[in-house]
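Values in this text are rule-based calculations from the coordinates and carry no lab data. This one's a predicted model, so the numbers in the text were calculated from it and none came from an experiment. Don't worry about glycine lacking a Cβ; one is built from the backbone with ideal geometry, like all the others, and counts go over all protein chains shown.
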Amino acid sequence: MNKLDALWEYQQAELALEKIEARIKTTPSRQKLNKLHAFLSEQQTLITGFQKQIDARSASVDKLAAQIAEFEHQYELELSEFNSMENDEECTAAEMTESRRALERLLNQVDAVRRELYDTLAWIEKATADYKETYAKAGKAKKEYDAVRKQCEDEIVAAQPELDAAKLAAQKRRAEVDPALLKKYDSVKTHHAVPMARVENNQCGGCNMSLPIATVKRVVAGTGLVECENCGRILYA
């Protein structure tokens with residue numbers, strides 16, 4: 001076995017390991033777990049949002065109630081003054097008109113704040129119902145998530161012997177590779193999941209680009225490391 005053969009064998013062992021790892025990560029249980037995790041994250045975001053908005057609206061209820069009380073107090077004072085003006089012979093019609101308008105403005109202000117208060121209370125009631133519904137959905141999903149997670153854990157335990165054997169085989173093959181070739185291999189792997197490619201029909205098996213005849217001959221001769229001029233993969237005959 002030459003140096004490139006050893007590197008190729010290491011790549012095959014590495015691919016076998018990655019295949020097992022991918023299989024474990026893509027089982028139906030794992031896919032369901034990922035969906036449930038995403039759903040739970042979404043529900044948690046909604047719950048947090050509901051809570052913040054409900055707290056903010058609840059705080060505004062006290063402010064609105066205080067405004068209503070203040071306007072009503074001002075109205076009572078203005079009404080008392082208006083009644084006094086009615087019994088005051090020196091009070092002019094213009095003064096009476098202005099006082100009446102002040103009373104109307106205060107009533108309008110009270111009505112406007114009351115409407116805002118009622119709308120806020122209605123919003124809080126609906127938001128609280130939505131919060132409870134979302135919380136219930138999240139609780140149900142959490143129970144399902146825990147059950148599916150247990151299934152995934154059992155699958156990992158069942159696959160562990162095969163996984164350990166594949167890791168050991170890959171480590172053994174890696175130890176047999178020339179350090180200089182291994183360094184190049186790891187460098188190419190940062191750009192390509194499969195760093196080595198077979199030469200097939202005078203083409204790079206990685207990018208399918210045609211190779212110069214001289215390059216193909218060098219690869220077949222196996223006299224040294226040859227890279228694809230297009231994709232940079234290490235060529236192997």
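Between the stretch 184-203 and the stretch 1-73, the alpha-carbon centres lie 35 Å apart.
Between 0 and 90 degrees, the angle of helix 3-25 with respect to the longest Cα principal axis of the chain falls at about 30 degrees. So what's the angle, to the nearest 10 degrees on a 0 to 90 scale, between helix 179-189 and the longest Cα principal axis of the chain? Taking the Cα atoms of the chain, the angle to 179-189 is about 40 degrees. Taking every C-alpha pair closer than 8 Å and separated by at least 6 residues, the mean separation divided by the residue count of the stretch 75-212 gives a relative contact order of 9 percent. Sequence-distant contacts, meaning Cα pairs under 8 Å at least 6 residues apart, place the relative contact order of the chain at 29 percent. The calculated FRET efficiency for the pair Asp154 and Val194, based on their C-beta separation and a Förster distance of 22 Å, comes to about 0.10. Please work out the FRET efficiency for the pair Arg23 and Thr223, using the Cβ-Cβ distance as r and a Förster radius of 35 Å; give the result to the nearest 0.05. Approximately 0.35, to the nearest 0.05. Over 22 Å between Cα atoms: which of Lys63/Lys132; Lys63/Lys126; Lys35/Lys143; Lys35/Lys140; Lys32/Lys189; Lys32/Lys142 fall into that group? Flagged as over cut-off: Lys63/Lys132; Lys32/Lys189. Hydrodynamic radius of the chain by the Kirkwood approach over all distinct alpha-carbon pairs: 25.9 Å.
Under 1.5 on a/c is rounded, so check that first for the stretch 103-237, then, if it is not, pick prolate when a/b is larger than b/c and oblate when it is not; a ≥ b ≥ c are the square roots of the alpha carbon gyration tensor eigenvalues. Note, shape of the stretch 103-237 comes out prolate. Label the stretch 112-191 by shape, choosing from rounded, prolate and oblate, from the square roots a ≥ b ≥ c of the eigenvalues of the Cα gyration tensor; if a/c is under 1.5 it is rounded, and otherwise prolate applies when a/b is larger than b/c, oblate when it is not. Oblate is the answer for the stretch 112-191, as a/c is 1.5 or above yet b/c matches or exceeds a/b. Among the cysteines of the chain, those with no neighbouring cysteine Cβ under 4.7 Å are Cys91, Cys152.
Summarising the label geometry, the points placed 7 Å from Cα in the beta-carbon direction at Lys32 and Ser210 lie 5.3 nm from one another. Under 17 Å of direct C-alpha separation, and excluding same-chain neighbours fewer than eight residues apart, Lys183 reaches these lysines: Lys3, Lys172. Using a simple spin-label model with pseudo-atoms 7 Å out from Cα toward Cβ, Glu162 and Ala147 lie 2.6 nm apart. Computed from backbone phi, the HN-Hα couplings of the stretch 58-69 come to 5, 5, 6, 4, 4, 5, 5, 4, 5, 5, 4, 4 Hz, rounded to whole numbers (Karplus: 6.51 cos²θ - 1.76 cosθ + 1.60, θ = phi - 60°; Gly and Pro given as x).
Measuring r between the beta carbons of Gln203 and Leu15 and using R0 = 25 Å, the FRET efficiency lands at 0.75. Tell me which residues come under 5 Å, amide H to amide H, from Glu227 once H is placed; ignore anything under 5 positions away on its chain. Answer set, sorted by chain and number: Leu235. Converting phi to 3J(HN,Hα) with the Karplus coefficients 6.51, -1.76 and 1.60 and the offset θ = phi - 60°, the stretch 134-139 yields 5, 4, 5, 4, 5, x Hz in sequence order, with x at every glycine or proline. Taking amide H as placed 1.01 Å from N in the peptide plane, the amide H of Gln203 sits under 5 Å from that of Leu211, each at least 5 places away or on another chain.
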